[in-house]
Structures are given as structure tokens and as C-alpha cells.
Amino acid sequence: MEKSAQEVVLTVSSSPHVRCNESIPKIMWTVVATLVPAAAFGVYYFGFNALLNIIVSIVSAVFFEWAWEKFMHKKITINDGSAVITGLLLAMCCSPILPWWMCIVGSFIAIVVCKQAMGGLGYNLFNPAHVGRAGLMVSWPVAMTTWTQVNGSVIDGVAGATPLNVLKQSGYDALLQLFNNDPMTMYQNMFLGFRNGSMGETSTVLLILGGLFLMYKGYVKWQATVAMIATVGILMWVFGGAVGAHATGGLFTGDPIFHMMAGGLIIGAFFMSTDMVTAPITLKGQLIFAVGAGVLTVLIRLLGGYPEGVCYSILLMNAVTPLIDLTVKPRIFGSVKVKAKEAE
């Protein structure tokens, strides 16, 4: 008995003890796959320059990641798909007629300045694609806000204008004129993607389908995504018609359906505010993040100088993510709350 007992070897390892077949490359490439349909529609709708910008953004993002890691004698991680996601999201958040060399500059800012300089994947505080877009917006605002016209669509004749831009500059009546003064036609075109804008703010339905697949896989929590979209919709319904240079009514007269599909809200809520690196850890923290991003988006759209606010709202909430994680901490598994009197 003593001999057999001595032969038993127990291996004690540190947590976590839960294992699954998920990995960083698998998650990243799955996200890429869910973005492909919307990107493909953007190429079909906007033409060759949109495809060129996607290719240039992805290739330059992967190159900059490889070059930095090679120069710094770090492990090469370009196969994990994270640089591909950054390049793809950057292209989808910019004008489809943006000069291709600006995409290279944006990729450099996103990969080198935002991601690798902070330590690489898992250490960046801000979403790299949005930092790249913000850098391009500051450097070349005219090029970043000049949009293409698509022949045969309902937006012909509106030079360089997105629906949000028209609403900001001319009011809701001018917005409806883009769609033959028919709100249902507007909603249909916004949902399917037949409108001006970037590739990441055109086909709402394809972006939603991709996001729903991420939810099915468990990579994205639906509560946070719904919270951000609902926050924008509710606040725009309450204040959208009463605030701004072209206010047309009082409270509760805004168009929530339009604002929930307009701009980069859908891609931001599904693919960027839910970023595993730059979003809070806990579900409660993610809800705080989502509601905060939604509120900031509304404030920028109604009171700011830009017609859109998703990019800057997410970046601002990225900045307070460490504070959210510090304040909203998960309960240690198996622990019990002790009241102050009991502790004494």
C-alpha cells in the first residue's frame, strides 16, 4: 500500500483550469470573416478605389506590424489576424475615395503609434483603427469628409454629402429630399446600404448579420451592443428634433430609426466598442462603456462641429476603461460579501 501510494503523482498548476478550443487567431480571423460581406458590398457599391483602399490598408498594417516586431526583435505575430482586422476596419471607416497613400499613413498611426508602441496586442489602450482614422481626420479633414456619388442611386446630385451631413447642414426636410420625401424609402436604403458614406456605414443589414454571428460565437455580449444603439436611439428621439441649428420640433420629435442606422453606429457598436482589449472586462463595465459612448455620440451629433461622433465617443470611453475596470470589479468566485457590522 505504501509503495502504490508513493507512485501516485499529483500535478498542481495555477489557474485558470477551464480550457476551450478558442484562440486569439481563431477569434481574429472569425471577426475578419464577419466583416467581409459588408466590405464586399462596399466594393460593389463604390467601385475599384474602395477595393484598392482595403488592400492597401490591410497590407500596410500587416507590414508595419511585421517591421516593428522584426526591428524590436520580438515574436512575429502577423498570422494572428489582428493587424488584418485593424487595416480592414480602418478602410471601412474612411471615405471610399480617400487617396490610397493616406491609408498607409493611417495604418502606420494605428499599428505603430497606437498598438505596438504601447506593447502590442493586449496592451493598447485605444482602438487602433479609430486612432488611425482620428489621425487622418486631423491631418486631412477635407479628404476624410469628401464622399463619392454613386450613379443611379437616390443620393445623386448631393455633392460630397452623407445623410448625417445633410441633416447637420440643412435639416430633416432636406434629408428626406434625398429619398423622394419618403421616410420608408429612407429607412430601406439606410438598411440595405444604398446611401453615401464610408463602407462601414452603408449596409446596415450585412453589418448586423456579421455582428449577430459574433454574438452566437460568444465573442460579443449582446447587452453592450444593444445598450449603445438603444442609448443613441432614445436620446435622439427625445432631443433630436429640439436641439441643433436646424431643430424642427420639440422634445420627442426626433427620428430614432434614422439615427440608429446612420453613420458608424452599427459597426462601432458591434465591432469596436466590444473590442476585447480596449473595452471593460465585466458586463456591468461594458454596459457603462456602451451607454457612455452612446451619450457622447448624441452630444457630438447634436452640439458638436462634426455630423458624426461614434469614432471620438469610443476613443473617449477607451480612455476611461481603466477607471471603469478599477471601479467595477468582478466578485471573486466563491467569496462572500461581509457586511461592515459583521466584519467588526
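Every number in this text was worked out from the coordinates using simple rules, so none of it is lab data. As the structure is a prediction and not an experimental result, all values here were calculated from the model. Cβ coordinates were reconstructed from backbone atoms using ideal geometry, including for glycine residues, and neighbour counts include every protein chain displayed.
In plain terms, the chain from Phe48 to Gln188 could stretch by 47.9 nm, reckoned as 0.36 nm per residue minus the Cα-Cα distance. Only Cα sites of region 161-216 enter the Debye sum here, all with the same form factor; the resulting log10 I(q)/I(0) across q = 0.12, 0.27 1/Å is -0.32, -1.04, listed in q order.
Taking 8 Å as the Cα distance limit and 6 or more residues as the minimum spacing, I'd like the relative contact order of the chain as a percentage.
On the way: 530 pairs, mean separation 51.6, N = 344.
Relative CO of the chain lands at 15 percent.
Site pair Ile281 and Val320 shows an inter-label distance of 2.0 nm when each label is modelled 7 Å from Cα along Cα→Cβ. Taking every alpha-carbon pair under 8 Å whose residues sit at least 6 apart, region 24-145 reaches a relative contact order of 27 percent. Between Ala242 and Met215, the FRET efficiency estimated from the beta carbon spacing at R0 = 35 angstrom works out to 0.55. Shape of region 184-268 from its Cα gyration tensor (a ≥ b ≥ c, root eigenvalues): rounded if a/c is under 1.5, otherwise prolate when a/b > b/c, or oblate? In terms of gyration-tensor shape, oblate.
Were the residues from Asn21 through Gln223 laid out at 0.36 nm apart, the gain over their Cα-Cα distance would be 70.3 nm.
With runs of 4+ DSSP H residues as the only contributors, calculate the mean residue ellipticity of the chain at 222 nm using -39,500 (n - 2.57) per run, divided by the residue total and rounded to the nearest 500. Provide the component values of the computation, followed by the final result.
Details: 16 runs with 194 residues, N = 344.
That comes out to -17500 deg cm²/dmol.
Estimate the FRET efficiency between Arg331 and Ile234 by the formula 1/(1 + (r/R0)^6), using the beta-carbon distance for r and 41 Å for R0, to the nearest 0.05.
On the way: r = 30 Å, r/R0 = 0.73.
That gives a FRET efficiency of 0.85.
With 31 Å as the limit, the listed pairs Lys115/Lys329; Lys26/Lys284; Lys168/Lys217; Lys26/Lys74; Lys70/Lys329; Lys168/Lys329 have Lys168/Lys217; Lys70/Lys329; Lys168/Lys329 beyond it between alpha carbons. Work out the FRET efficiency for Val142 and Asp173 from their Cβ-Cβ distance, taking R0 = 30 Å, and round it to the nearest 0.05. That gives a FRET efficiency of 0.65. Legend: P(r) of region 24-145 from all alpha carbon pair distances, 10 Å bins from 0, whole percents, reading 15, 47, 31, 6, 0. Between Asn180 and Met72, the simple spin-label model (points 7 angstrom out along Cα→Cβ) gives 5.5 nm.
Computed from point charges on the beta carbon alone (+1 for Lys and Arg, -1 for Asp and Glu), the dipole magnitude for region 24-145 about its Cα centre is near 160 Debye. Here are some values of P(r) over Cα pairs in 10 Å bins from 0, in percent: [x] 6, 26, 37, 25, 6, 1, 0; [y] 5, 24, 32, 21, 9, 5, 2, 1, 0, 0; [z] 5, 19, 20, 15, 12, 9, 7, 6, 5, 2, 0. Which one was computed from this structure? Entry [y].
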